[in-house]
Amino acid sequence: MFRKRYVTIYLSLLIMAFSLPSAFADEGPTDGALPFILKNVNFAFEERTDAVIIDAGKNVNDASISVSDFSVHVKSTRKVNPDFVVYDGPRVVTDVYISQVKDTGSPSDSGRYIIVDFADVGWGDGGTAIDGGYTLDSKYTITYKGDKLSYADGSSLAPTFAQTGVVSPVLDQYKYANHDGLDYSYFYNNDAQEPLPLVVFFHGGGQGNDIYTPIRFSNGGTVWANPENQEKYPTHVLAPRNATTVESMHKVKAVIDKMIKEGKVDPNRIYITGFSMGGGSTWTFLRTYPELAAAAAPLCPAGGPQNVENAKKVANLPLWTFVDEEDFLYNSVVNTDKTYSPYWNDSLLTIIPFNQLMDPPYNGHRFDGHSVWLPVYNEYVHPERGMLIDWLFEQNKIRGIEDVEVSTNAKVAPVLPDTVAVEVNSSATGIATENRPVVWDAIDPQRYAVAGVFEVEGTIEGTLKKAKAKVTVASVTSSSAMLTGPEVVQPGQQFDVTYGLKDVNQDVYAQDITIVYDAAKLELVGSPVSAHADKFIIVDTEGQEGSIRILGVHINEGVNDPNQNLITLHFRAKNTTGVTDIQVSQLVIADGEGVESVVDGDTHVVEIRKPIIPGDLNNDDRVSVGDLALVAKAYGKTSDSPDWNQFKAYDLNQDGVIDIEDLVALARLILTN
């Protein structure tokens with residue numbers, strides 16, 4: 001057997017080296033017995049005593065010890081019946097080395113601790129911690145056969161030894177409890193700050209003769225708690241004992257409910273698994289509570305849905321079933337899948353040729369046909385799904401959450417929805433959308449003080465998955481009045497100018513508007529008129545030559561939608577020409593709290609222009625012989641003439657030359673008018 005100092009399987013356990021419960025005294029060695037503890041490991045197949053760790057009290061030289069110096073005897077009895085002796089005989093020592101830490105796997109030239117190592121694999125060799133469905137208590141006796149134990153300081157000792165404890169780094173983290181007659185063991189990840197997934201593991205037949213064995217026969221109940229798996233998939237574990245009936249499933253459900261109520265477990269990530277009888281228990285649980293699990297993995301199950309009605313209740317539950325070709329349950333598992341898988345939309349049956357573990361300490365050992373759980377829980381990698389643990393922890397009853405996008409202006413708090421659409425998977429009916437209340441995280445005003453984009457998370461009722469809202473903040477645009485109307489009018493023409501608001505980011509209940517205009521060129525005709533009488537009412541006006549003051553109020557939808565045309569004003573251009581303007585010289589708005597805000601005004605420019613008379617080339621408002629004279633003077637000019645720009649207006653037919661055709665055209669205009 002190889003020496004454990006080279007075994008890589010222990011690397012994941014080294015982080016626990018300094019956390020092993022200590023039964024050692026701090027004093028140096030005396031003529032009394034040196035204390036030692038048993039180091040147990042829950043391997044894939046079973047829990048075994050992997051080594052004993054002796055506290056020598058002070059540094060020992062590695063060269064002073066050898067395998068032949070130690071003889072080990074073990075007596076194992078049932079924990080629940082100490083009078084029942086399972087094994088009383090020797091253990092073969094495979095290695096002895098010195099360590100500076102009180103754990104296996106870290107040899108050194110000198111150190112305080114002596115590691116006496118044993119085989120990781122064996123049958124009938126006294127190494128197992130279980131037998132016949134019972135957990136064992138093992139009493140080890142160590143005899144030192146060398147001359148004396150030599151210390152680094154030159155002293156020596158003829159040692160005797162006394163067992164003071166047992167440590168099993170993963171199993172020691174499990175606790176045992178009872179609910180209404182149901183025994184169970186459980187593991188909590190105590191570093192969790194929020195609810196975690198829960199793996200519910202049901203053990204196989206014959207492994208529940210006491211409360212301790214269900215998690216010790218194979219590692220189906222403990223592999224989830226291994227440090228490397230907890231680092232990747234933090235989770236809690238529940239392992240009921242002998243839960244096979246509907247009545248016992250009610251009790252299992254009660255334990256789960258308590259864990260959820262205490263904030264330990266995420267109700268959307270509960271995974272059910274078990275092997276053999278435990279695979280049947282997995283199906284018993286699914287038949288009893290088909291909507292609880294996010295996924296299930298029955299391994300070589302001794303049972304199934306039993307009828308089509310039960311199969312349909314889990315039509316959309318992610319199911320992954322395993323069996324190997326050498327299993328005595330092979331035909332039963334395959335037939336169950338053939339019968340009921342047509343009713344399932346997310347199921348897979350994986351058939352493994354045989355059960356073999358390639359990693360240390362088994363190194364290719366081939367196990368009994370009815371033990372598919374060994375490769376599945378530990379080594380088997382599906383070409384598409386990966387390992388079972390990877391697939392399980394991808395599953396969640398919450399399948400999707402609506403993407404929320406809102407916009408706001410700088411310095412205006414975004415308004416987020418009170419509910420979000422959540423896609424929830426029902427085992428029976430599949431994915432459905434539910435509108436669930438959401439509480440958004442508080443938003444620091446600095447995040448929307450300037451233009452930009454940021455994300456805010458929200459807590460959704462009934463799930464740990466977060467809602468996410470993308471908030472787009474637009475730059476601030478100054479709110480202002482808005483005047484619109486024609487840009488050009490003729491003398492004496494009546495025209496309308498419309499007043500409104502733009503870029504106002506608040507509710508508006510009232511306005512005080514002052515509009516001024518050039519009375520020498522424009523005349524206000526009649527009273528202003530509301531553009532939308534159902535949204536804005538003109539309460540009163542006060543006018544004088546060149547200005548008008550208007551008081552108005554918003555009603556109905558106009559309160560929260562003020563950015564629209566509100567008032568129409570009628571003007572008439574006087575008998576003059578030139579450019580003039582109409583201005584909102586003062587504008588005050590008020591919200592529902594009576595808070596007033598001054599808003600920027602606006603100016604509308606209008607040109608009063610006489611109508612154009614065709615042929616009036618000298619701009620005397622008529623077509624006459626004077627205009628004909630101007631064309632005659634330019635007679636013969638062409639577009640190639642250097643002064644063409646001065647005379648091209650006389651090219652009435654726009655053919656690039658001033659000729660007889662232009663003279664005739666102008667003469668006709670004179671005669672016509």
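Here are a few things to note about the model shown:
- Leading residue by the ranking (farthest from T235 (Cα to Cα)) among those in the range 149-176 that are part of a loop (DSSP other than H, G, I, E, B) and hydrophobic (A, V, I, L, M, F, W, C): A158
- Criterion: closer than 16 Å to S168 by Cβ, over 28 Å from the mean Cα position of the chain (by Cα) and open to solvent by less than 30 Å² (accessible area, probe 1.4 Å) - qualifying residue of P240, P227, P214: P214
- Considering K466, K502, the condition of being of a type in the set (K, R), modelled with pLDDT under 95 and either under 14 Å from N565 (Cα atoms) or open to solvent by less than 30 Å² (accessible area, probe 1.4 Å) (or both) is satisfied by K502 alone.
- Residues being under 45 Å from the mean Cα position of the chain (by Cα), over 24 Å from T213 (Cα atoms) and polar (S, T, N, Q) are represented in the range 80-101 by at least one member.
- Strands (runs of 3 or more DSSP E) fully within the range 368-474 that include at least 2 residues being small (G, A, S) and in contact with a Gly (Cβ under 9 Å, 6 or more places away or on another chain): 466-474.
- Scanning the range 496-514 for residues that are assigned to a loop (DSSP other than H, G, I, E, B) and not aromatic (F, W, Y) yields D503, V504, N505, Q506, D507, V508.
- Residue match in the range 110-120 (condition: surrounded by fewer than 21 Cβ atoms within 10 Å (Cβ to Cβ) and either touching a helix residue (DSSP H, G or I) at 6+ places or on another chain (Cβ under 9 Å) or among the polar types (S, T, N, Q) (or both)): yes
- Checking I548 against (1) more than 54 Å from the chain's Cα centre (by Cα); (2) in contact (Cβ under 8 Å) with a residue 60 or more places away in the chain; (3) over 30 Å from L628 (Cα atoms); (4) open to solvent by less than 60 Å² (accessible area, probe 1.4 Å), the condition it does not meet: (2)
- Residue satisfying all of: in the range 289-307; touching a residue at least 60 places away in the same chain (Cβ under 8 Å) and farther than 13 Å from T244 by Cβ; farthest from the chain's Cα centre (by Cα) among these: C300
- If you go through the range 644-660 and pick out every residue that is among the charged types (D, E, K, R), modelled with pLDDT under 90 and open to solvent by 30 Å² or more (accessible area, probe 1.4 Å), you end up with 1.
- Total residues in the range 92-110, condition assigned to a loop (DSSP other than H, G, I, E, B) and touching a strand residue (DSSP E or B) at 6+ places or on another chain (Cβ under 6 Å): 4
- Taken together, V529, V488, V456 contain a single residue that is β-branched (V, I, T), within 23 Å of Q583 (Cα to Cα) and in contact with an Asp or Glu (Cβ under 7 Å, 6 or more places away or on another chain), which is V488.
- Scanning the range 391-432 for residues that are open to solvent by less than 30 Å² (accessible area, probe 1.4 Å) and acidic (D, E) returns no hits.
- Selection count where residues are part of a loop (DSSP other than H, G, I, E, B) and within 24 Å of P82 (Cα to Cα), scope the range 118-147: 9
- Test: residue in the range 31-39 that is modelled with pLDDT of 75 or more and open to solvent by 20 Å² or more (accessible area, probe 1.4 Å): yes
- Verdict on V333 being farther than 30 Å from D117 by Cα, surrounded by 20 or more Cβ atoms within 10 Å (Cβ to Cβ) and touching a helix residue (DSSP H, G or I) at 6+ places or on another chain (Cβ under 7 Å): no
- Candidates R385, R436, filtered to the one that is within 18 Å of the chain's Cα centre (by Cα) and among the basic types (K, R): R436
- Condition check for K58: basic (K, R), open to solvent by 20 Å² or more (accessible area, probe 1.4 Å) and out of contact with any Gly (no Cβ under 6 Å at 6 or more places or on another chain): no
- Residue in the range 211-218 that is in contact with a helix residue (DSSP H, G or I) (Cβ under 9 Å, 6 or more places away or on another chain), modelled with pLDDT under 95 and small (G, A, S) present: yes
- Picking from residues in the range 368-413 that are among the aliphatic types (A, V, I, L, M) and over 23 Å from S218 (Cα atoms), the one that is modelled with the lowest pLDDT is A410.
- Selection count where residues are closer than 30 Å to D518 by Cα and open to solvent by 30 Å² or more (accessible area, probe 1.4 Å), scope the range 606-643: 11
- Answer residue from the range 475-495, given it is outside any strand (DSSP E or B) and open to solvent by less than 60 Å² (accessible area, probe 1.4 Å) and is modelled with the lowest pLDDT among those: S479
- Note on the range 587-673: enclosed helices (runs of 4 or more DSSP H) holding 3 or more residues that are of a type in the set (V, I, T) are 660-672.
- Residue within the range 343-353 that is of a type in the set (V, I, T), open to solvent by 40 Å² or more (accessible area, probe 1.4 Å) and not in a helix (DSSP H, G or I) present: yes
- Scope the range 230-258; condition within 21 Å of Y212 (Cβ to Cβ) and of a type outside the set (S, T, N, Q); matching residues: H236, V237, L238, A239, P240, R241, A243, K251, V252, V255
- Unique residue being touching a residue at least 12 places away in the same chain (Cβ under 8 Å) and over 10 Å from A481 (Cα atoms) when the list is L587, L566: L566
- Cβ-Cβ under 9 Å pairs, at least 6 apart or on other chains, the range 515-527 side in a strand (DSSP E or B), far side surrounded by 14 or more Cβ atoms within 10 Å (Cβ to Cβ) and of a type in the set (K, R): I515/R549; L522/R572; L522/K574; E523/R572; E523/K574; L524/R572; V525/R572
- All positions within the range 251-288 that are open to solvent by 50 Å² or more (accessible area, probe 1.4 Å), in contact (Cβ under 8 Å) with a residue 24 or more places away in the chain and in a loop (DSSP other than H, G, I, E, B): K264
- Those residues of the range 289-312 which are closer than 26 Å to H370 by Cα, of a type in the set (A, V, I, L, M) and open to solvent by 10 Å² or more (accessible area, probe 1.4 Å), in sequence order: A302
The values are calculated or read from the model by the stated rules, or taken from the named source; none is laboratory data. Bear in mind the structure is a predicted one, so any value in this text is a computation, not a measurement. Ideal geometry is used to build each Cβ from the backbone, glycine not excepted, and the neighbour counts take in all protein chains shown. The protein model used for the area step is the full one, side chains on, heavy atoms only, and it has no ligands, DNA or RNA in it. Shrake-Rupley method; radii C 1.70, N 1.55, O 1.52, S 1.80 Å.
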